[in-house]
Amino acid sequence: MADGADRVTWIDRQLPERDEVFVDHVGYFVRDLDAAGAQLERLGFRVSATNIQTNADASGALKPSGTSNRLAKLKYGFLEMLAATHDTPLAEQFKQQIARYSGLQLIAFSAADMRRERARLVEAGFAMQEVVELKRRDRTLAGEPEVHFSVLRPQPDVMAEGRIQWVRPNTPDTVWRPETITTENGAEGLTDTLICVENPEAVAARYGRYVGRTPIVRDGMHVVPLERGGLVFVDVVQAAKLLPGFAAPSLPFMAGQALRADLTLIRGVLAKNGIEPVIASDDMICVGPADALGAYMLFHALKVSDPWSAMFRRVG
């Protein structure tokens, strides 16, 4: 996408190529993985069993990273639920972050080359950790195959909004096996993340440097568009106008996640499970934080290319 483009694009490919940047997945920090998984299942997501996350040490041995997760995989990307399960520095960072609020706290961007991205980020002035090879056995699949992600994180406190990291899935055919993909609710892939901050313009500028893109302004909101997905920054006044019943537990706050979906299917799931959306129209269905792990979840029709702006125009 050229700098200054004014709409979200969609690429029907799992991994980015060349200089593309995708939103690979988002993560919810939770205290109870069983309860969190049950909540996503009520929304029609297919949720994995619990996986203990591990890193490979210098000898190649797998050691617990400090957190465990459950995944709700989509055709493109996935939702991740994370909880602290071991005593490690990463788990300590997790505990500090979840003390602010339980909910959406992780965005993972994907690029073709993690080491190239690290060099670019350091050149742009970001203090970055080394690339970590995150490996584990997926014990929920026959044969317990190994899955492997190359992960790049900033140093603690560089990005105040949460765990804002980079990832390269090295075993995509294993991660996104067809039998593990959500189909019941029609959700196909992640689009835009909505983030509430004190100074949207300044934070969007920082994220623009972080992902190597130029922010734009759309409907008064500061947006960082990517080749797939994007980031939308608002202040408290804008968020309150946009989101029914909005109340930020603290700032900064990842307030919502948008997903492309077949709305006929998600309507059926919500009706079956007695979940009342906070907004429902022909093109959008928004579920409130109480039913969606602490953040708004906006399901939108495939033809809607800028979901939070479309919702803003609806209430504006």
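The values are calculated or read from the model by the stated rules, or taken from the named source; none is laboratory data. Note that the structure is predicted; figures quoted are calculated from it, not measured. In this analysis, Cβ positions are derived from the backbone assuming ideal geometry, glycine residues included, and neighbour counts consider all displayed protein chains. When the accessible area is computed, the model is the full protein with side chains, heavy atoms only, and any ligands, DNA or RNA have been set aside. Shrake-Rupley method; radii C 1.70, N 1.55, O 1.52, S 1.80 Å.
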query = What is the distance, in nm, between label points placed 7 Å from the Cα along the Cα-to-Cβ direction at Arg137 and at Arg100?
reply = 3.7 nm
key: Entry for semi-axes √(5λ) of the Cα gyration tensor in Å (calculated from the structure that is shown) out of (i) 27, 24, 19; (ii) 32, 22, 20; (iii) 49, 23, 15   = (i)
key: Computed [θ] at 222 nm, helices only, for the chain once each DSSP H run of length n ≥ 4 contributes -39500 (n - 2.57)   = -6500 deg cm²/dmol
message = Quick check: at a probe of 1.4 Å, how many percent of the accessible area of the range 258-316 sits on carbon and sulfur atoms?
response = 51 percent
ask   = Among Ala205, Ala247, Ala258, which one moves the most in a GNM of the chain with springs linking Cα atoms closer than 10 Å?
value = Ala247
ask   = Using a 1.4 angstrom probe and counting only protein chains, how large is the accessible area of Val236 in Å², to 10?
value = 70 Å²
query = Measuring with a 1.4 Å probe in the full set of protein chains, what accessible area per residue, in whole Å², belongs to the range 157-292?
reply = 36 Å²
query = GNM on the chain, C-alpha springs below 10 Å: top fluctuator among Gly27, Gly125, Gly256?
reply = Gly125
task = Just the number, please: carbon plus sulfur as a percent of the accessible area of the range 75-177, 1.4 Å probe, no ligands or DNA/RNA counted.
result = 46 percent
message = Under 8 Å for C-alpha pairs, at least 6 residues apart: give me the relative contact order for the chain, rounded to a whole percent.
response = 21 percent
ask   = How far is the Cα center of the range 121-144 from the Cα center of the range 231-293, in Å?
value = 30 Å
message = Please compute the contact order of the range 94-243 in relative form: average sequence separation of alpha-carbon pairs under 8 Å and at least six residues apart, divided by the residue count, as a percent.
response = 18 percent
remark   = Pseudo-spin-label distance Asp283 to Thr214, built 7 Å along Cα→Cβ, given in nm, is 2.6 nm
Pairwise label distance in nanometres, Asp19 with Ile52, each label 7 Å out on the Cα-Cβ vector = 4.4 nm
request  = Ignoring everything but the protein chains, give the 1.4 Å probe accessible area of Asp173 in square angstrom, nearest 10.
outcome  = 130 Å²
request  = Any lysines with Cα under 20 Å of the Lys95 Cα? List them, leaving off those in the same chain fewer than 8 positions away.
outcome  = Lys63
task = Subtracting the Cα-Cα distance from 0.36 nm times the residue separation, let me have the gained length for Val236 to Arg314 in nm, one decimal.
result = 26.3 nm
Heavy-atom SASA rank of Thr88, Thr67, Thr50 (probe 1.4 Å, accessible area, largest first) = Thr50, Thr88, Thr67
Residues Lys75 and Asn199, FRET efficiency given R0 of 51 Å [Cβ-Cβ distance, rounded to 0.05] = 0.90
ask   = In nm, what is the difference between 0.36 nm times the number of residues separating Glu184 and Glu146 and their Cα-Cα distance?
value = 11.0 nm
request  = Multiply the residue separation of Lys63 and Gln129 by 0.36 nm, subtract the distance between their alpha-carbon atoms, and state the gained length in nm to one decimal.
outcome  = 22.0 nm
task = Name the longest site-free stretch of the chain, where the excluded sites are GluC sites (Glu not before Pro) in a DSSP loop with no more than 12 other beta-carbon atoms within 10 Å.
result = 199-316
In the range 59-137, the trypsin sites (Lys or Arg not before Pro) that fall in loop regions by DSSP, at most 16 other Cβ within 10 Å = Lys75, Arg100
inquiry  = Skipping prolines and chain starts, which residues have an amide H placed within reach, meaning under 5 Å, of the one on Asn170, given they are 5 or more residues away or on another chain?
reply    = His148, Phe149, Ser150
